[in-house]
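Student: Before I ask anything, let me first share the structure, which is written out below as structure tokens.
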Amino acid sequence: MTELTRHIGSRIRLFRRQRHLTLQQLAEQIHKSRATVSKYESGEITLDVDTLYEISFVLGVELSQLTDYQPPRPQTVPLPVRTGSYSPFFEARNLYFYFFDGRYHQLKDGIIHIEKTDDPSGVNDASLVIRSTTPSGRSSEVRYRGKVVYSDMLIRFSFVNEYNSLEEDLLYIFNPLELRDFTEGLLCGISSIDLMPCAFRCLVTLNPREHSEQLRSQLLITPQELHRWQRLNMLVVDNRS
């Protein structure tokens, strides 16, 4: 068993649970036994490419979302405490994105993929896929393309809906001052559903997280925050630890 097979297995389990599929249901759809799928998820069996592709198709995710393993940094190379070219959020090619949409009482997630270049301006191409699941268990995806710009304290993404060019979204996230695998930010734009301005507090992480009540609570706006925003007449998102 390797770290890669364990990682792939944990990703399969994560997306299977998000799609509300049991081990048996996934096993039936890829024509394997329940025990075999269980060993895939625990990392006891190394998957062949054909099976991995079939699983990604059933789960409705890209193959890269199952194989996005990043080896840990050598312990001999310390990470800087402040910002800079070695910040984990500056170096990451994949970031995981979460927000709670109160219109549908639904926690939504997605993945940001960054295409690194040697552009001296520090501007890189980026894509965003936002996923959601209906109460009936049907999943859907909205895809965006855009750019990412890095600065000392903030990382700014600008995205355009691939299927509706009139829908543009801006995502601002903090570059954490201390070492941690998550940061908060703000997603804002004009909703294509009701053509109204909207803004969501969001969480962006270096590693995927399972949907949980704790994650949902972390994304909700508290009465204390609402009172503060009313007093200031502006929306504020703090980079809390």
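Student: Restricting to the stretch 178-233, and then to whatever is in a loop (DSSP other than H, G, I, E, B) and among the acidic types (Asp, Glu), can you tell me which residue is surrounded by the most Cβ atoms within 10 Å (Cβ to Cβ)?
Tutor: In the first step, residues of the stretch 178-233 are kept if they are in a loop (DSSP other than H, G, I, E, B); the result is 178-181, 191-196, 206-212, 220-222, 233.
If we keep only those that are among the acidic types (Asp, Glu) too, we end up with 178, 181, 194, 210.
On the way: 178: 8, 181: 14, 194: 8, 210: 12.
Within the stretch 178-233, the match that is surrounded by the most Cβ atoms within 10 Å (Cβ to Cβ) is 181.
Student: Got a number for residues in the stretch 3-49 being under 19 Å from residue 208 (Cβ atoms) and either hydroxyl-bearing (Ser, Thr, Tyr) or not in a helix (DSSP H, G or I) (or both)?
Tutor: Result for the stretch 3-49: 9.
Student: Which of (1) small (Gly, Ala, Ser); (2) open to solvent by less than 70 Å² (accessible area, probe 1.4 Å); (3) more than 16 Å from residue 91 (Cβ to Cβ); (4) out of contact with any Ser or Thr (no Cβ under 8 Å at 6 or more places or on another chain) is the odd one out, the single condition residue 139 does not satisfy?
Tutor: For residue 139, the failing item is (4).
Student: State whether the residues of the stretch 119-136 include one that is at pLDDT below 80, closer than 26 Å to residue 196 by Cβ and surrounded by 14 or more Cβ atoms within 10 Å (Cβ to Cβ).
Tutor: yes
Student: Of these, 174, 89, which one is under 22 Å from residue 208 (Cβ atoms) and open to solvent by less than 40 Å² (accessible area, probe 1.4 Å)?
Tutor: Working: 174 fails: open to solvent by less than 40 Å² (accessible area, probe 1.4 Å).
Result of the check over 174, 89: 89.
Student: Write out, first by first residue and then by second, each pair whose Cβ atoms fall under 6 Å of each other, whose residues are 6+ apart or on separate chains, and whose first residue, in the stretch 40-60, is touching a residue at least 40 places away in the same chain (Cβ under 8 Å) while the second is assigned to a loop (DSSP other than H, G, I, E, B) and surrounded by fewer than 16 Cβ atoms within 10 Å (Cβ to Cβ).
Tutor: Sorted first by the residue in the stretch 40-60, then by its partner, the pairs are 43/1.
Student: Also: Look at the stretch 26-52 and say how many of its residues are touching a Lys or Arg at 6+ places or on another chain (Cβ under 9 Å), modelled with pLDDT under 90 and of a type in the set (A, V, I, L, M).
Tutor: 1
Student: Okay, moving on. Determine, yes or no, whether residue 156 is assigned to a strand (DSSP E or B) and open to solvent by 60 Å² or more (accessible area, probe 1.4 Å). Don't jump to the end; show me each part of the working.
Tutor: Details: assigned to a strand (DSSP E or B): yes; open to solvent by 60 Å² or more (accessible area, probe 1.4 Å): yes.
So residue 156 passes the test.
The values are calculated or read from the model by the stated rules, or taken from the named source; none is laboratory data. Only a predicted model underlies this, so the values are computations on that prediction, with no experimental measurement involved. Reconstructed Cβ throughout: ideal geometry from the backbone, glycine too, with neighbour counts over all protein chains shown. Quick note on the areas: whole protein, heavy atoms, side chains included, nothing else; ligands and nucleic acids left out. Shrake-Rupley method; radii C 1.70, N 1.55, O 1.52, S 1.80 Å.
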